[in-house]
Amino acid sequence: MIELKNIYKTFNPGDVNEVRALQGLDLLLEVGEFVTVIGSNGAGKSTLLNLLAGVYPTDEGTLTIANRDVTRWQEHQRASLIGRVFQDPLRGTAGSMTIEQNMAMALLRGKRRGLRIGVSSKNRNFFREQLALIGLGLENRLTHKVNLLSGGQRQALTLLMAALTQPRILLLDEHTAALDPGTAEQIANLTTQLVRENSLTTMMVTHNMQHALSLGNRTIMMHRGKIILDVRGEERARMTVADLVKKFAENRVITDVIALSN
């Protein structure tokens with residue numbers, strides 16, 4: 001279970017460039033929930049992911065992951081609990097290293113490791129098995145450098161690596177946005193497969209409204225650092241993209257009116 005209570009985060013406080021990124025945010029994720037996150041630019045979506053990962057400290061509030069208060073934990077301390085995939089396929093892997101070396105690093109995430117990344121026969125067989133699941137033939141290219149892969153192959157590898165140790169939460173930051181439509185759909189399907197097979201608690205930021213409704217089992221909408229809509233179950237199943245856009249417009253107006261009156 002992931003729980004955020006009364007989370008505040010402000011950048012450049014007291015300055016002309018002050019940005020109130022998160023304002024009293026409360027959120028509870030049950031084990032195995034797959035939540036898509038949408039909202040306008042500056043709504044606080046990426047700040048929320050960065051705060052969960054430990055990139056930014058909270059100004060106020062508490063964060064609990066798997067019944068552990070990690071509010072003051074640094075990013076490296078949370079590494080064993082969190083898997084993450086970024087928009088840029090190049091960010092999640094080391095291009096000058098081989099596929100198997102990258103996967104070995106992922107397997108050691110959050111653990112002490114030496115300067116040299118060794119790959120045992122046992123791990124090599126495990127890597128082949130895992131790569132075979134994504135159906136791209138990468139299980140036959142273990143010793144190939146990652147910078148020889150296409151963007152889609154590299155993002156698929158990054159996604160697999162993020163899920164490799166079954167983290168407590170998987171964070172996906174617009175991880176299909178930089179890909180062509182066909183490849184983006186392939187990565188979206190792979191995401192669903194990996195999340196389901198590993199029962200991963202997942203939070204995915206996206207600007208793709210169709211993916212926001214078709215992937216996962218819950219959608220939250222953010223605006224001005226707050227959650228203004230939270231849908232799941234039958235309500236979400238009946239909702240169309242047009243319905244979602246309408247809801248966003250309605251809730252944004254209400255939130256803006258409240259903000260102006262305070």
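Read-outs: derived from the displayed coordinates by stated rules, not from any lab. The structure presented is a predicted model; accordingly, all values stated were derived computationally and were not measured. Every residue, glycine as well, gets a Cβ built from its backbone with ideal geometry; the counts of neighbours run over all protein chains shown.
Restrict the search to segment 99-195; then list the GluC sites (Glu not before Pro) that DSSP places in a loop and that have at most 13 other Cβ atoms within 10 Å of their Cβ.
Details: sites: E100, E129, E139, E174, E185; in loops: E174.
Within segment 99-195, no GluC sites (Glu not before Pro) qualify (loop, at most 13 other Cβ atoms within 10 Å).
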Return the calculated 222 nm mean residue ellipticity for the chain, to the nearest 500 deg cm²/dmol, obtained by summing -39500 (n - 2.57) across DSSP H runs with n ≥ 4 and dividing by the residue count. -11500 deg cm²/dmol
Using θ = phi - 60° and the Karplus form 6.51 cos²θ - 1.76 cosθ + 1.60, what ³J(HN,Hα) does each residue of segment 51-64 get, whole Hz, x for Gly and Pro? 5, 4, 6, x, 5, 10, x, 7, 7, 9, x, 10, 10, 10
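In the chain, what % of DSSP beta bridges are antiparallel (nearest 5)?
Details: 22 of 39 bridges.
Counting only bridges with both partners in the chain, antiparallel ones make up about 55 percent.
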Karplus-derived HN-Hα couplings along segment 186-196 (A = 6.51, B = -1.76, C = 1.60, θ = phi - 60°), whole Hz, x at Gly and Pro: 5, 5, 4, 5, 5, 4, 4, 4, 5, 5, 5
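Provide F127, F86 in ascending order of the number of other Cβ atoms located within 10 Å of each residue's Cβ, fewest first.
Result, fewest neighbours first: F86, F127.
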Counting other beta carbons within 10 Å of each Cβ, put V70, V85, V35 in order, fewest first. V70, V35, V85
Debye calculation, C-alpha points only, no solvent: report log10 I(q)/I(0) for the chain at q = 0.08 Å⁻¹, in the same order as the q values. -0.34
With everything on Cα atoms, drop me the angle between helix 241-261 and the longest principal axis of the chain, reported from 0 to 90° to the nearest 10. 50 degrees
Within straight cross-link reach of K246, meaning Cα distance under 19 Å, which lysines are found once same-chain residues fewer than 8 apart are removed? K226
Tilt relative to the chain, helix 151-163 - C-alpha long axis, 0 to 90 degrees, to 10: 80 degrees
Give, as a single signed number, the net charge of other residues whose beta carbon lies under 13 Å from the beta carbon of R124, with Lys and Arg counted +1 and Asp and Glu -1. 0
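Let me have the relative contact order for the chain, percent, based on Cα pairs under 8 Å that are six or more residues apart.
Details: 465 pairs, mean separation 67.1, N = 262.
For the chain, the relative contact order is 26 percent.
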Distance in Å, no decimals, from the C-alpha centre of segment 183-249 to the one of segment 5-51 is 17 Å
Once phi is turned into θ = phi - 60°, what whole-Hz ³J(HN,Hα) does the Karplus curve with 6.51, -1.76 and 1.60 give for every residue of segment 171-184, x standing for Gly and Pro? 10, 10, 9, 6, 6, 10, 5, 8, 9, 5, x, x, 5, 4
Could you tell me the relative contact order of segment 22-105? Use alpha-carbon pairs under 8 Å, at least six residues apart, and round to a whole percent. 17 percent
Counting other beta carbons within 10 Å of each residue's own, what order do H144, H211, H76, H175 fall into, fewest first? H76, H144, H211, H175
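Sequence gap of 8 or more, or different chains, plus Cα separation below 25 Å: how many lysine pairs satisfy both in segment 1-147? Display every interim value, and only then the final one.
Details: K5/K45; K9/K45; K111/K122; K111/K145; K122/K145.
Lysine pairs meeting both conditions in segment 1-147 amount to 5.
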Helix 121-132 versus the longest principal axis of the chain: what is the Cα-based angle in degrees, 0 to 90, to the nearest 10? 50 degrees
